[in-house]
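The values are calculated or read from the model by the stated rules, or taken from the named source; none is laboratory data. The structure presented is a predicted model; accordingly, all values stated were derived computationally and were not measured. With ideal geometry, Cβ positions are generated from the backbone for all residues, glycine too; neighbour counts draw on all protein chains shown. Just the protein is used for accessible areas: all its heavy atoms, side chains included, with ligands, DNA and RNA removed. Shrake-Rupley method; radii C 1.70, N 1.55, O 1.52, S 1.80 Å.
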Amino acid sequence: IKWDRDTCARCSMVISDRRFAAQMRGGPKNTAFRFDDIGCLSFWLRDKAADHPWMGEAATRMWVADVDSRGNEVRWLDPRKAQYIAKTSPMGYNFGARPHPEAGSVDFPTMREHVLAKGR
């Protein structure tokens with residue numbers, strides 16, 4: 001991600017906050033998509049599945065920033081293995097990723113269910 005220059009594939013917002021960014025790469029052309037919020041990635045997975053069937057394959061690589069990332073150092077996590085805590089995020093989906101379970105955290109499918117229920 002080129003911070004403060006790349007835009008979110010879903011909402012077109014400039015990706016600035018290093019604590020909430022997400023990325024995806026895969027398919028026959030190794031296509032990359034970048035997102036400013038894990039919520040935008042969640043909607044993209046649902047809404048673009050027919051256009052990019054490779055997104056559902058195990059070989060598809062995805063990353064989400066650890067919400068505790070600071071400065072220019074971003075620790076990337078596999079969003080499917082991360083745990084999510086309530087945290088105010090750029091698009092208001094309000095989930096931040098952490099590497100390990102903790103009190104009140106939820107897994108990826110549960111986080112996606114909450115995000116998609118918001119319907120934005």
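In segment 46-76, the residue that is surrounded by the most Cβ atoms within 10 Å (Cβ to Cβ) out of those that are more than 13 Å from the chain's Cα centre (by Cα) and within 18 Å of residue 5 (Cα to Cα) is 74.
When each of 43, 35 is tested for being in contact with a strand residue (DSSP E or B) (Cβ under 7 Å, 6 or more places away or on another chain), modelled with pLDDT of 95 or more and buried (at least 18 other Cβ atoms within 10 Å of the Cβ), the lone residue that passes is 35. Residues in segment 1-32 that are open to solvent by 30 Å² or more (accessible area, probe 1.4 Å), hydrophobic (A, V, I, L, M, F, W, C) and not in a loop (DSSP other than H, G, I, E, B): 2 in all. Going through (1) part of a loop (DSSP other than H, G, I, E, B); (2) open to solvent by 50 Å² or more (accessible area, probe 1.4 Å); (3) not aliphatic (A, V, I, L, M) one by one, residue 109 falls short only on (1).
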